[in-house]
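Read the figures in this text as sums done on the coordinates, not as results from a lab. These numbers come from a predicted model, not from an experiment.
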Amino acid sequence: DAKTTQPNSMESNEEEPVHLPCNHSTISGTDYIHWYRQLPSQGPEYVIHGLTSNVNNRMASLAIAEDRKSSTLILHRATLRDAAVYYCILQWGQNFVFGPGTRLSVLP
Amino acid sequence: NAGVTQTPKFRVLKTGQSMTLLCAQDMNHEYMYWYRQDPGMGLRLIHYSVGEGTTAKGEVPDGYNVSRLKKQNFLLGLESAAPSQTSVYFCASSPGRGEQFFGPGTRLTVL
């Protein structure tokens, strides 16, 4: 099964960009890459997803490596509200595989 | 719109007892999912449904059963609860490939 690996934790200063990396070296050609985040005691919240091309939305950008073996979630200006656990997830069919995620701390 | 709701929010069971968790969504989504999350870990998919009357196994289906008799509801059953099933259970719904909308979770403790 395809798996993802992420750093356990990262820190960022408020109003600075944040780059959250994810490795998925066993990804298959039809696997989608999703990012979700989870605040304490809440359900996960969708951030962004993509297949091959880079993607942008109002929350973030997703940069996917040309070989698709890694991706990076980019938060353009971190705020205190962005402090959460960020999950990089692979989807094949209706199977979603979550890793343990990266805990992002945002310092004021 | 209420989005995705889960009932109950908390529950304590004794080993061997049974219970049903209810997930309801008012977004007319075809796809629904049940996950469990153990402390310090990511979510693991238990079962999912791609439409009314359909169910399929996810990554960790053993010890659980599900039913999707109505499009808006997805039930998760534990026939004989075990301490290993102590976890937080999340339900999600989706219109298709892409964003999943998660409920607030049910915290279950099995003694």
Given A:3/B:9; A:3/B:14; B:9/B:70, the pairs whose alpha carbons are separated by over 24 Å: A:3/B:9; A:3/B:14
Relative compactness, segment A:2-108, computed as alpha-carbon Rg over 2.2 N^0.38 Å: 1.00
Max mean-square fluctuation residue, GNM over chain B, Cα-Cα springs under 10 Å, options B:65, B:73, B:28: B:28
Between segment A:38-104 and segment B:1-74, the Cα center-to-center distance that results, in Å: 23
Chain B - Rg over Rh from alpha carbon coordinates, Kirkwood radius: 0.94
Kirkwood Rh, Cα atoms: Rg over Rh of the protein assembly as shown: 0.98
